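> Below are the structure tokens for one structure; questions will follow.
The values are calculated or read from the model by the stated rules, or taken from the named source; none is laboratory data. Small disclaimer: the values here were computed from a predicted structure and weren't measured. Cβ atoms come from the backbone with ideal geometry, glycine included; neighbour counts cover every protein chain shown. Just so you know, the surface numbers come from the protein's heavy atoms only, side chains and all, with ligands and any DNA or RNA stripped out. Shrake-Rupley method; radii C 1.70, N 1.55, O 1.52, S 1.80 Å.
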Amino acid sequence: MVKYLLVVETGGVHVATAARVLADLEDDLGQALSRRFDLFAGAGFGGVLALALASDQFTAHGAQAKLASKQVLAHVFESNVWRRTRGIVQDAPLATGAAKREFFRTAFKDNTPLSDVEKPVVLLAYDIAARAAVTFSSRAERPAFNPLISETLDAVTATPIYFPPVTLTGMSDGLQGTGRSMPVPMQHAFIDGSVVSGSALLPAVAEARRLWPHEDRFVAVVVGPGRPARSVVVLPGGMGGPQWLQVRTDAGPAAGAGSGATARR
């Protein structure tokens with residue numbers, strides 16, 4: 001029997017484009033994505049959509065309206081003129097993270113642990129204390145660490161520059177390093193896992209194989225930020241500031257213009 005995986009690996013404000021793609025996909029399939037897919041995975045703010053669909057609390061259209069609208073993103077990113085100006089000489093995150101944290105508590109039942117999510121879900125994070133990529137899994141092999149949904153989303157969306165790291169305490173075991181098990185100290189500081197890998201596809205496939213060891217067919221639909229709109233020319237003399245700036249800006253809105261769903265087996 002084929003198992004279907006949905007991976008949402010777009011980040012930041014590009015999540016609005018991903019949400020629209022998912023809503024269109026739901027219309028094309030004629031049923032809720034939570035019923036069509038067996039496992040969900042995500043990186044960065046794409047993880048918010050992945051968990052929302054896995055929890056069966058949102059349809060794709062509901063997630064688009066309530067989690068990825070322009071108004072919601074402006075609120076979560078605490079957008080204002082002072083913070084945008086401050087970014088020029090930035091000495092602290094552009095946002096405090098308080099609005100983001102409270103939003104997740106409101107949008108998802110605050111007392112719901114990650115293990116209670118309806119469908120399996122895998123989310124990427126990076127632990128700056130352990131200097132290791134980790135995955136939050138709703139079906140972890142060692143469930144001693146079972147954060148709330150709101151805590152998990154706060155951690156995996158702590159994008160550097162925009163938000164401060166998210167510290168979660170009282171852990172023992174329960175987080176899994178990407179590709180290996182990892183003992184977890186009592187306190188870790190998490191940031192967006194996209195800094196290590198923008199794709200949650202491999203962790204999703206690894207989790208699927210662990211959950212369904214006797215299955216031999218997995219189909220993954222990956223919703224990502226698209227391809228860079230411009231080519232990068234590497235000069236013979238090396239890459240100076242302007243050249244690296246071109247690479248950096250290609251991760252902006254232009255890259256998101258090509259968002260779409262691609263099936264990989």
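> I'd like the full set of residues that are over 11 Å from the mean Cα position of the chain (by Cα) and either among the aliphatic types (A, V, I, L, M) or modelled with pLDDT of 95 or more (or both), limited to segment 3-23.
Lys3, Tyr4, Leu5, Leu6, Val13, Ala16, Ala18, Ala19, Val21, Leu22, Ala23
> In segment 206-220, what residues are surrounded by fewer than 19 Cβ atoms within 10 Å (Cβ to Cβ) and within 11 Å of Val7 (Cα to Cα)?
Val219
> A further question follows. Can you tell me which residues in segment 121-147 are under 18 Å from Leu53 (Cβ atoms) and either assigned to a loop (DSSP other than H, G, I, E, B) or touching a residue at least 40 places away in the same chain (Cβ under 8 Å) (or both)?
Val121, Val122, Leu123, Leu124, Thr135, Ser137, Ser138, Arg139
> Would it be correct to say that Ser138 is open to solvent by less than 40 Å² (accessible area, probe 1.4 Å), at negative phi and either of a type in the set (Asp, Glu) or in contact with a Pro (Cβ under 9 Å, 6 or more places away or on another chain) (or both)?
Against the criterion (open to solvent by less than 40 Å² (accessible area, probe 1.4 Å), at negative phi and either of a type in the set (Asp, Glu) or in contact with a Pro (Cβ under 9 Å, 6 or more places away or on another chain) (or both)), Ser138 qualifies.
> Can you find a residue in segment 114-131 that is modelled with pLDDT of 85 or more, over 23 Å from Arg210 (Cβ atoms) and in contact with an Asp or Glu (Cβ under 9 Å, 6 or more places away or on another chain)?
no
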